[in-house]
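First comes the structure, then the notes that go with it.
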Amino acid sequence: MLKNNSNQQKGTALARVDRKRRDLRAGRLAALLPLLLMLSVLPAQEPEALSLASVPDQSPAESREQASYVPGALYVKFADGAVDFAKSAERECPVSRLFSSRSKAVRYGLKPMAYSMHVFDNDFLDNVFRIEFDSVSQTESFIRELEQDPRVVFVEKVPLHQLQWEGGKPGSEGNAPDDYFFGNIDNIPTSWHWDMIGFPETYGYYQGDKSVKVAVVDNAVWGNHEDLQLESANLYDAILGIPGGADPPAYVVQDQQGSATAPSAAYGWSHGTHCAGVIGALTDNGLGVTSPSSGVTVLGVRAADANERDMVRAVQGVLWAVDQGADIVSMSYGSSNYSSVEEEVYGELAEKGVILIAAAGNDGKEGSNYPAAYPGVISVGALNSDASRASFSNYGADVDVWAPGGYFVENGEIRPDVQVFSTTYCISQYHADKEAFAGKHYDMMAGTSMATPVVSSVAALLLSVEPGLNGYQMAELLRAPQAGACVHIPDALQRLEAQPDLAVRNLQAYWMAETQGLELSWEAPEQAGVERYDVYRNGQRIGSSEETSFQGTLADTSGFVGVKAVYASDSSLTEYVKVKPKAEGSSLEPLASRKISVRMDPVSGWLSWEAGLVFDRMEIFSADGRLVRLVRGGQQGVDLSDLPRSVYVGRVWNDSMLCGFFKVVR
């Protein structure tokens, strides 16, 4: 989700976080350390609850909650200086460095190694570790004990993300690829999803570039599939913690025959291999299936343990992929549970330019699951072949992009036997009665899980054409002009090719640490007729200008700022740059010479200022540069109680001159 509106959804989860975590964040913000913009294939029925027979007196509600989180896993943040662990490419930390008491390790059955959640230079994540333990029945006791440890800032349960896949339910001539299953085989349309997004129109003109790395973080990925042939160095097993392979567990019988209504176990474990084929199938090799982004480097990650749907180590898989240089991360999983640690991880990755694409979810409800609902993540919904919303797909304003992931519609009727067709670990379950399909490792699947790699494939193709795109620009390119319409490769390429004429040029952005002042300047586009320029930060509009310059306020320089040229009937892509501090050569002059004394009542949220302050207007901005209050002269205070806890920056004007500034923590 590229809209910053998740505060209400996560309120309940945050209420469980210890007050000292909020104090730490407030202190961190007040010190102007880096801030981040707070920025699903699954059956429609509820997932089966984990067996918790060993837990005494556990209510059904508690059982359901436990099944929503990874059993025996916690995120724990330690205070600065409390842990002897240096950030490095090695993420495993001996648990003995975190807890000196051996009795705790024995009592809760702590696993010997913890996992560092650090991401780039993000200070909040520096001392966050994922700790695993065997005594699941003692989870609440362990949390209470950790919360009493003065070195611990906060503790969170780890959300259990699940694959967003409708599995196990009933479900050309000319310039075209020569892959066996491209087209219509025995009255089975096997490439309808590629027709729907306009791939045949662009085939032969564009292809994926090997330098673009796309990670498929999923239950498992069979890299040795004949139509994938992934290098062992590009495969990782997050369950075992070792590179070189991402296959399903050895006990899964690969070539067991099943059916569409009663598929084999290997079918469920084919989910990740299916997604990988959508993105990276070898095209024009006379075998199997096709992919628009064929040629890119696919990184395959196994993140499911015993249950093929439960992504118990999804975030570890994402971090491994990013450590290997992934440009795009495709995540066909999700959960309704919010995590502040995971939001911080995904937000930091987005701000560093990683393109994150996730399934909106298969609950048939309004709104996206997490991680798709986190700011900076592109949320994907699923369509049928007639462009109608697949009945299982989540929907609403939170869904950024729509793509084929449902069923083929013929003469107004859904054909449950025709879904998205791709590579699998299993042999065909859906059409084993047809000679063309029988015994081959290809099959049908449906869900927002399938729509997600379709979008990831289009994104990889676009990134191959224009390597400098970030996630916010990619979302603009992928969105169809009409809300809810399907992503379309020719339209996205056409818009990308028009960018040099429509977009602003020579964009510069400077920032003053003392005053939090932001100044942008740019040259007008080649194309005439600009009506206004909209200014963005990390995908969020923070202002507009009719001139080729803009002044505003930012609490820090993290992420991207950008300018979009808006015309009467069109607009450019937002051109983004990183903000430069004045010390790097900015021409920005100080916007204010005096710091205004203000006071924030922590209980009432009332902000007051020094007596006798004379001003015409006062502007109060959020940490990401959005104007949240405009105060007229003559007032002695303003109510900020409805605003979230964060840092706010104020600018005071008098006689059209900027006469002062302030910074306050709410």
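The values are calculated or read from the model by the stated rules, or taken from the named source; none is laboratory data. Keep in mind it's a predicted model, so treat the numbers as computed, not measured. Note: ideal-geometry Cβ built from the backbone for every residue, glycine included; neighbour counts use all protein chains shown. Keep in mind that these areas ignore ligands, DNA and RNA; they rest on the heavy atoms of the full protein, side chains included. Shrake-Rupley method; radii C 1.70, N 1.55, O 1.52, S 1.80 Å.
Magnitude of the charge dipole for region 351-438, about its Cα centre and with charges confined to Cβ atoms of Lys, Arg (+1) and Asp, Glu (-1), is about 200 debye.
A value for Rg and Dmax of the Cα atoms in Å was derived from the coordinates, and within the list (1) 25.9, 88; (2) 30.7, 128; (3) 28.5, 99 it appears as (1). Of V155, W192, V221, which is farthest along the charge dipole of the chain in the positive direction, counting Lys and Arg as +1 and Asp and Glu as -1 at C-beta? Towards the positive end, the residue furthest out is V155. 3J(HN,Hα) couplings calculated from phi for region 553-558 with the Karplus curve 6.51 cos²θ - 1.76 cosθ + 1.60 (θ = phi - 60°) are, in sequence order, 9, 9, 6, 7, 9, 5 Hz; Gly and Pro show x. Taken per residue, the accessible surface of the chain reaches 39 Å², heavy atoms only and a 1.4 Å probe.
Sorted on the mean count of surrounding Cβ atoms within 10 Å across their residues, most packed first, peptides 247-257, 552-562, 387-397 read 552-562, 387-397, 247-257. For region 390-453, the relative contact order comes to 35 percent (Cα pairs under 8 Å, sequence separation of at least 6). For the chain, with all protein chains in place and a probe radius of 1.4 Å, 47% of the accessible heavy-atom surface sits on carbon or sulfur.
Since only L573, P375, A326 are under comparison, the one whose Cα sits farthest along the positive direction of the charge dipole of the chain, derived from C-beta charges on Lys, Arg, Asp and Glu, is P375.
Magnitude of the charge dipole for the chain, about its Cα centre and with charges confined to Cβ atoms of Lys, Arg (+1) and Asp, Glu (-1), is about 2680 debye. Dipole check for region 78-122: with +1 at the C-beta of Lys and Arg, -1 at the C-beta of Asp and Glu, and the Cα centre as origin, the magnitude is about 340 Debye.
Computed from phi, the 3J(HN,Hα) profile of region 149-156 under the Karplus parametrisation 6.51, -1.76, 1.60 (θ = phi - 60°) reads 6, x, 7, 9, 7, 7, 10, 9 Hz, with x in place of Gly and Pro. Once the Cα-Cα distance is subtracted from the 0.36 nm per residue extended length, the D639 to L496 segment shows a gain of 47.0 nm. Database remark: amide H of A390 closer than 5 angstrom to the amide H of A382, L383, N384 (H placed geometrically; neighbours at sequence offset of 5 or more, or on other chains; Pro and chain starts carry no H). Heavy-atom accessible surface of M600, to the nearest 10 Å², is about 30 Å², with a 1.4 Å probe and all protein chains retained. A Förster distance of 56 Å, applied to the separation of the beta-carbon atoms of L630 and E201, puts the FRET efficiency at 0.70.
Using C-alpha pairs below 8 Å separated by at least 6 residues, the relative contact order for region 493-539 is 35 percent. For A114, the amide hydrogen comes within under 5 Å of the amide hydrogens of C93, V95, counting only partners 5 or more places away or on other chains and with H modelled in the peptide plane.
Summary of packing: across the peptides 206-213, 544-551, 344-351, the per-residue average of other C-beta atoms within 10 Å ranks them, highest first, as 344-351, 206-213, 544-551. Pairs K210/K365; K365/K434; K210/K352; K87/K564: which are spaced more than 29 Å apart, C-alpha to C-alpha? Cα-Cα > 29 Å for K210/K365; K365/K434; K87/K564; rest within. Scoring 305-314, 442-451 by mean Cβ neighbours within 10 Å over their residues and listing the highest first yields 442-451, 305-314.
Sequence-ordered 3J(HN,Hα) estimates for region 606-620 from the Karplus curve with 6.51, -1.76 and 1.60 and θ = phi - 60° stand at 8, 9, 10, 9, 4, 4, x, 5, 9, 7, 8, 8, 10, 10, 10 Hz, glycine and proline given as x.
Ellipticity at 222 nm from helices only: DSSP H runs of n ≥ 4 in the chain, each -39500 (n - 2.57), divided by the residue count, give -5500 deg cm²/dmol.
Would you work out which of C486, V465, N394 lies farthest towards the positive end of the dipole of region 381-496, given +1 charges on the beta-carbon of Lys and Arg and -1 on that of Asp and Glu, about the Cα centre? Going by the charge dipole, the pick is V465.
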